[in-house]
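A short write-up of the structure that comes next.
The values are calculated or read from the model by the stated rules, or taken from the named source; none is laboratory data. Nothing here was measured: the structure is a model prediction, and the numbers come from that model. Note that each Cβ is placed from the backbone with ideal geometry, even for glycine, and that neighbours are counted across all protein chains shown.
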Amino acid sequence: MRALLCHYGLRLEDEDDKALLASLRAHLVRRHRTIPPPDDPAREQVATRAYNLEYAELYANALDSEDEFGPEPY
């Protein structure tokens, strides 16, 4: 999974850079109409600002554990 933050802090997520580029173009058209969606700057943003997004799996007994909020310090 790849992700990218737009300049206003909205996180875009997609399966790879090609799909993320398409999502970025659609986002620019939909949410930032004053910014034309040129191809080169959008490609550059994906190439330089995209990052891998990994989800952590929660353990099953999280609510039964004494460490419900994680290790100290809180």
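Observations on the structure shown:
- Test: residue in region 4-15 that is of a type in the set (A, V, I, L, M, F, W, C) and modelled with pLDDT under 75: no
- Whenever a residue of region 11-27 is of a type outside the set (A, V, I, L, M, F, W, C), its partners that are assigned to a helix (DSSP H, G or I), lying with C-beta atoms within less than 7 angstrom and at least six residues away or across chains, give the pairs ASP14/LEU20; ASP14/SER23; ASP17/VAL46; ARG25/ALA42.
- Region 1-40: number of residues that are hydroxyl-bearing (Ser, Thr, Tyr), part of a loop (DSSP other than H, G, I, E, B) and under 19 Å from ASN52 (Cβ atoms): 0
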